[in-house]
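The values are calculated or read from the model by the stated rules, or taken from the named source; none is laboratory data. All of these numbers come straight from a predicted model, not from anything done at the bench. Here the Cβ positions follow ideal geometry from the backbone for every residue, glycine too, while neighbour counts run over all protein chains shown.
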């Protein structure tokens with residue numbers, strides 16, 4: 001039988017001399033196993049802030065600004081969940097690059113949900129989010145390096161922070177979509193169709209043309 005070099009060979013030891021070695025190996029194995037289990041519990045068990053958290057934010061109104069860079073009152077949440085926004089929206093679907101907040105807020109006003117993620121070079125994350133959003137057409141999936149959690153969903157006046165796409169996170173995301181998707185938030189009596197984004201270099205990436 002093959003044996004790694006350096007390990008003891010019982011045939012060269014006196015009868016009974018292997019017992020101390022076996023006891024040492026057993027103790028070491030037990031210690032490593034216990035440490036591994038403890039580490040695993042720490043990684044899997046939800047901590048005090050690991051569960052998804054949905055927050056209701058005050059309504060910041062429906063003011064229009066001509067372009068994302070136009071000065072406006074600061075948003076009270078990150079990402080914003082209402083407030084000043086451009087007269088045009090972002091196209092629905094997956095965006096490879098960040099989209100200005102001022103554009104996305106208008107998508108929220110139309111009853112959309114923005115699914116933001118913080119990681120870079122992680123194509124599996126937007127793909128998983130898009131899969132969770134199947135059946136919900138008014139969704140934007142886009143990266144956002146400023147997010148306060150790995151994944152944050154936003155709807156009008158609501159945000160959902162998600163730490164991981166585990167079963168609990170996926171359940172929370174689907175519930176958020178079911179509650180907030182498609183709920184129009186334009187002022188009462190106001191029918192609105194988003195105009196096209198301005199032509200030329202001033203149009204933000206991902207804007208609906």
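Quick notes
- Being assigned to a strand (DSSP E or B) and modelled with pLDDT of 95 or more is a property that does not hold for residue 125.
- Filtering segment 77-97 to residues that are free of Cβ contacts under 8 Å to residues at least 60 places away in the same chain and either part of a loop (DSSP other than H, G, I, E, B) or closer than 15 Å to residue 158 by Cα (or both) leaves 83, 84, 92, 96.
- Filter result (under 13 Å from the mean Cα position of the chain (by Cα) and in contact (Cβ under 8 Å) with a residue 40 or more places away in the chain) within segment 157-167: 159, 160, 161, 162, 163, 164, 165
- Within segment 114-132, being exposed (fewer than 13 other Cβ atoms within 10 Å of the Cβ) and closer than 16 Å to residue 146 by Cα holds for 120, 121.
- Residue count for segment 144-156, restricted to those that are over 11 Å from the mean Cα position of the chain (by Cα) and surrounded by fewer than 18 Cβ atoms within 10 Å (Cβ to Cβ): 1
- Looking across segment 75-87, just one residue is closer than 12 Å to residue 65 by Cα and surrounded by fewer than 20 Cβ atoms within 10 Å (Cβ to Cβ), and that is 87.
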